Structure formats: C-alpha cells, structure tokens
Amino acid sequence: MHFNLALILVVITLIAGLITLYDKLFLERARKERLGTSLMDRKQRKEMLRAAEPVVVEYAKSFFPILLGVLIIRSFVYEPFRIPSASMVPTLYIGDLILVNKFVYGVRLPVTNTKITEGSDPERGDVIVFRYPDDERINYIKRVVGIPGDRISLRNNELMINGKPVSYDVIGVFTGTREQVGYTHRLESLPDGGSHELLLSPNLNDGSPNMAERVVPEGHYFVLGDNRDHSKDGRIWGFVPEDNLVGRASVIWMRLSTSDWDRIGTVIE
C-alpha cells in the first residue's frame, strides 16, 4: 500500500487552518462575550480565554503553524528521502537519508505537481529523484546520463553517448559494502557532466543488458543506477518525463546504519 504523504499533509494542514480561522472569526468572540469585562489584568484574561478553548481548537492552533511550515519546506524547498535499495552504490547506500532540492528544476504544487516557477534543466551527471513512470506513486532515484536529443547505447558495460564511448578510469576492487565486495570500481566521466563512481559485477551472469541506440525525446531524460549491474533503470522501462521530476539529490544528512557516520554531510555528486 502506498500512502500519498503530500496529500495527507495538505489535508491535515487545511483542516487545522480552517479550525483556527473559524475559531478566530466566531468562537473566540463568543468566549470573550461570555467572559465579559472585568478588573482582571490582561495576562489573567488571556489565560482564562485560552483555558476556555475547546480541545480541538487548542490542538489545531498549536499544530497549524508547524504543519504549514513543514508543508512549505517539504513542497517548495527540500524534501527528505530514504534510499531504499543498493542501485546507487557506491554513491548512495541503503539507509542513507538525503535531502532533495525541490526548487532547482522549478517549483511544483503538492499533490497536483503543477509547475509554478521555471527552474534549470537536469544535466548529465545529476542524481535525480522522480516519480517512477510505470507507477507514479513510487519515487525512484537514479543518475541522468542522457538529456533530450542524446543518442544512448550500451554494449558490454560500455556506455556510448552520441556515438562516442564514455571515458572511465578503473579505481580498483570495491570493498565498501559486504554485498558488493569484489565488484569493479570505476570512475566514469560523462560529457559535460563531471565524474562519478560506479560498480560493475564480476559475475558474468549479472552483466548489464546491452541496449541498442535510443534517442532521448524532448522533455525526457535517460537514467542509470551507479550500481550498474543491479539497477532497474532506463534500460528496462525507458525515459523519465520532465513532468515526473521531484528534485535533485543534494546531501546525505543522516544514516540509519551505525556504520559510515563520516558519510553524513556528504554532498551528492
């Protein structure tokens, strides 16, 4: 079961806001009239008015500013995201808690995902969070390797962009996680997209599927996982529509695992 957290947060915030507004316009006035005028000082009067508030109103007024703040930050600034799989090792590990920049590609309204401000376009090398095209209730995270107009193909673990092989250096044998110990550790350099680390399995049966050349359509992006042989990505399900973008992965802010605490604060590149 998938919960639409954005929708739930919007609804709860709206309910709290409406209760707060209704109290301000109607209920608070009635409480003041019942209390009448007296010789008590302002502080005592304020405390008595607060004590007379219904419990629902009290909770709504207390939580509304918090809920509104969370909604604004989560929808328009940064959203926390937990890495659920090993498809982005060695860049991101299972359990990494990251912040996703929500405004870099243009601000979108929560729930409807309507774009209300223009932003920059994703570039090769960006690690992006997006709504999975085959089930938009699920968020995926992958690396952009193809932008609109690019010709992309893969053969024997070699990535080709616009007819040219992508250059790489072999770092050595990976030792970072138990599941990927012994994998080939590479530093891949995308055209105009900087360098990033990736892994290739030593098991020939795990080899990345070859992919005949595809042209990235306008308004779409082609993505791959950095754990190249263990990633369900664009080779299998195609392209990411621009409308499905959630944001760009920015920084690791926490680890659920007790190891690798030094990864906290790492900028995602």
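Nothing in this text is a laboratory measurement; each read-out follows from the coordinates by a stated rule. Since this is a predicted model, take the numbers as computed values, not measurements. A quick note on method: Cβ atoms are made from the backbone with ideal geometry, for glycine too, and the neighbour counts reach across all protein chains shown.
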In a GNM of the chain with a 10 Å cut-off on Cα contacts, which of LYS115, LYS32, LYS43 has the highest mean-square fluctuation? LYS43
Between the alpha-carbon centers of segment 120-142 and segment 176-250, tell me the distance in whole angstrom. 12 Å
FRET efficiency for TRP253 and ASP169 from the Cβ-Cβ distance with R0 = 35 Å, rounded to 0.05, comes out at 0.75
Using a Gaussian network model of the chain whose springs link C-alpha atoms within less than 10 Å, name the residue from VAL107, VAL223, VAL70 with the highest mean-square fluctuation. VAL70
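Calculate for the chain the 222 nm mean residue ellipticity that helices alone would give, adding -39,500 (n - 2.57) per DSSP H run of length 4 or more and normalising by residue count, nearest 500 deg cm²/dmol.
Numbers: 5 runs with 62 residues, N = 269.
Calculated at 222 nm, the ellipticity per residue is -7000 deg cm²/dmol.
Grab the Cα-Cα distance for ASN203 and ILE138, subtract it from 0.36 nm times how many residues apart they are, and report the gain in nm with one decimal.
Numbers: separation 65, 0.36 × 65 = 23.40 nm, distance 2.97 nm.
Difference between extended and current length: 20.4 nm.
Where a ≥ b ≥ c are the square roots of the eigenvalues of the C-alpha gyration tensor, would you call segment 118-243 rounded, which needs a/c under 1.5, or, failing that, prolate if a/b is larger than b/c, or oblate? Write down the numbers at each step before the final one.
Details: a/c = 1.67, a/b = 1.43, b/c = 1.17.
Verdict is prolate for segment 118-243.
Just need the relative contact order of segment 5-76 here, percent rounded to a whole number, with Cα pairs under 8 Å and 6+ apart.
Values: 30 pairs, mean separation 41.9, N = 72.
Relative contact order, segment 5-76: 58 percent.
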Low-density loop cleavage sites - trypsin sites (Lys or Arg not before Pro) in segment 220-265, where at most 16 other Cβ are within 10 Å (DSSP): LYS232
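Just to be sure I understand the rule: take each whole DSSP H helix in the chain, project its Cα atoms onto its long axis, keep it if the span is 18 Å or more and its mean Kyte-Doolittle hydropathy is at least -0.5. Which ones pass?
5-22, 55-76
In percent, how large is the relative contact order of the chain, given Cα pairs closer than 8 Å and 6 or more residues apart? Could you put the intermediate results ahead of the total?
Values: 509 pairs, mean separation 53.0, N = 269.
The value is 20 percent.
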Fewest to most Cβ atoms within 10 Å: THR117, THR20, THR266 sort as THR117, THR266, THR20
Here, GluC sites (Glu not before Pro) of segment 57-152 satisfying both criteria (DSSP loop; at most 15 other Cβ within 10 Å) are GLU118, GLU123, GLU136
For segment 5-76, how big is the tail of P(r) above 18 Å, as a whole percent of Cα pairs? 48 percent
Suppose the chain between GLU33 and LEU49 were pulled fully straight at 0.36 nm per residue; how much longer would it get relative to their current alpha carbon spacing? 4.7 nm
With springs only between Cα atoms under 10 Å, which of ALA51, ALA249, ALA60 fluctuates most in a Gaussian network model of the chain? ALA51
Along the Cα-to-Cβ line of TRP237, 7 Å from the Cα, sits a label point; which residues in segment 111-143 have backbone N less than 12 Å from it? 130-142
Candidates (i) 19.2; (ii) 21.5; (iii) 18.3; which is the computed Kirkwood radius over Cα pairs in Å? (ii)
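Nearest 0.05, what FRET efficiency do ILE264 and VAL181 give at R0 = 35 Å with Cβ-Cβ as r?
Working: r = 23 Å, r/R0 = 0.66.
After rounding, the FRET efficiency stands at 0.95.
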